[in-house]
Amino acid sequence: MEHNPLPTSPADQVTGPSCNYQDYPSALLLSLHLSRGRKLGLLVSAEYARRGFSEVKTPTLFSTKLWEQSGHWEHYQEDMFAVQPSGSDRPASSQSDDSTRHTTDILALKPMNCPAHCLMFAHRPRSWRELPLATSRLWALHRAEASGGLGGLTRLRCFQQDDAHIFCTTDRWPFPLEAEIQSCLDFLPFFGFLLPPGTVHRPSGFLGDLALGTRPEQVSRKNTWDLNSGDRCHSMDLKIDVHLHDALGRPHQCGTIQLDFQLPLRFDLQYKGQAGALERPVLIHRAVLGSVERLLGVLAESCGGKWPLWLSPFQVVVIPVGTEQEEYAREAQQSLRAAGLVSDLDADSGLTLSRRIRRAQLAHYNFQFVVGQKEQSKRTVNIRTRDNRRLGEWDLPEAVQRLVELQNMRVPNAEEIF
């Protein structure tokens, strides 16, 4: 078999030095196929662009002066990676002994993008006609998680997050918030998840005055969400998280919508309103997938190896009945690859046809294209699913086109509706 990604018997197991995936999560990501992360990124980028977001890029390192202004250095410092550039005025050892030191020569890896997006908003005068202004970025973030809190793909120190921010006018802020909540939930059917109930978090120890903080609570009472407290989110006036459950029933936070009146205050963000007076925007933080790696971990356990077609690394395997059909089978494989589908060929003459079909099903290939003498002469393929559902004989171009349609639709049950 030209690509047999999963062992089908103990004899097929790969032996070698043991690897602690918690210490080296990139090794596990490689085994889970990074193409899935890229497909998730393409989905988010396309959906964000369709919704009017502008994709931006900001530096990975910022002076801690920025984090002091945003309030993260005071509340989040222990969870940030800080570095001192070589050639700075004071040696690192002396800084650790000086409790009154300034942090102007210390840099920190960004754990989130919101302060940088605030700087982008503030770099020139803004008008109410520009709002809502939506920015997004799917890129790596770094957080100094405690070693005891790390867990596979669900909690890492470096992860990718679809971090987006919406700056909107004060007279319209409840409406974008409610729309973004629904937009976040709209992504879940792509992965086969049912829509879970939302939960509104009013963080304890939040910044700002109570008068501002009560405004978003009025929105939450108009909906069916439960009001909770205790979330560690120092600057948010309202936080709504989407929790997905893995195969063991454990909840994992993925999507989140956060309403923020405090960062616009701290960065003195302003826009010229319709009456000509300067007004302060409201900031909505938004992440649909949350951590891409965490979502992949939840999906891996939920799918049990049976990935939906659009995310699957094992979409189609072509199986010739005999050696006489191998050339046609390779032609079918190339047609699939030319259409952007992942396809493999199992021409192992040492195994019977039924054994090769069974091997493909154990490897969870979404579809098997079986080609014999009849299919070769008619330029067709005989299609089966990984659950041994027989779909019959299809013309090769029509079968390829149907798979492309299902992949582009990102349906979770392509085998059932083929």
Cut-off 14 Å between beta-carbons: net charge of the residues surrounding Gly37, Lys and Arg +1, Asp and Glu -1: +2
Length gained when the stretch His243-Gln270 is fully extended (0.36 nm per residue, less Cα-Cα span): 6.3 nm
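Over 32 Å between Cα atoms, which of Lys39/Lys110; Lys57/Lys306; Lys306/Lys374; Lys39/Lys239 qualify?
Values: Lys39/Lys110 24 Å; Lys57/Lys306 35 Å; Lys306/Lys374 30 Å; Lys39/Lys239 28 Å.
Check vs 32 Å cut-off fails for Lys57/Lys306.
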Largest to smallest accessible area among Lys239, Lys39, Lys65 [probe 1.4 Å]: Lys65, Lys39, Lys239
Gain upon complete extension [Arg129, Gln334; 0.36 nm per residue less C-alpha separation]: 68.7 nm
Solvent-accessible area of Arg355 with every protein chain in place, 1.4 Å probe, in Å² to the nearest 10: 140
In nm, spacing of pseudo-spin labels at Gln84 and Leu61 (7 Å Cα→C-beta vector): 1.4
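Calculate, for Arg379 and Leu42, the FRET efficiency according to 1/(1 + (r/R0)^6) with r their C-beta to C-beta distance and R0 30 Å; round to the nearest 0.05.
Calculated value: 0.40.
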Distant-in-sequence amide H partners of Leu345 (H built 1.01 Å from N, under 5 Å): Glu2, His3, Val318
Per-selection Kirkwood Rh - segment 259-418 (Cα, Å, 1 d.p.): 18.5
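Asp387 to Asn408: FRET efficiency via 1/(1 + (r/R0)^6), r the Cβ-Cβ distance, R0 30 Å, to the nearest 0.05?
On the way: r = 23 Å, r/R0 = 0.76.
It comes out at approximately 0.85.
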Area of Lys272 that stays accessible when all protein chains are in place (1.4 Å probe, Å², to 10): 110
Efficiency of FRET from Cβ geometry, Glu74 and Ala49, R₀ 45 Å, rounded to 0.05: 0.80
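Gain in length, Glu145 to Gln182, computed as 0.36 nm per residue apart minus the alpha-carbon separation, to one decimal in nm?
On the way: separation 37, 0.36 × 37 = 13.32 nm, distance 3.04 nm.
Taking 0.36 nm per residue and subtracting the Cα distance, the gain is 10.3 nm.
The values are calculated or read from the model by the stated rules, or taken from the named source; none is laboratory data. Just so you know, these numbers come straight off a predicted model, no measurement behind them. FYI the Cβ positions are ideal-geometry reconstructions off the backbone, even for glycines, and counts take in every protein chain you see. Surface areas here come from the heavy atoms of the whole protein model, side chains and all, with no ligands, DNA or RNA. Shrake-Rupley method; radii C 1.70, N 1.55, O 1.52, S 1.80 Å.
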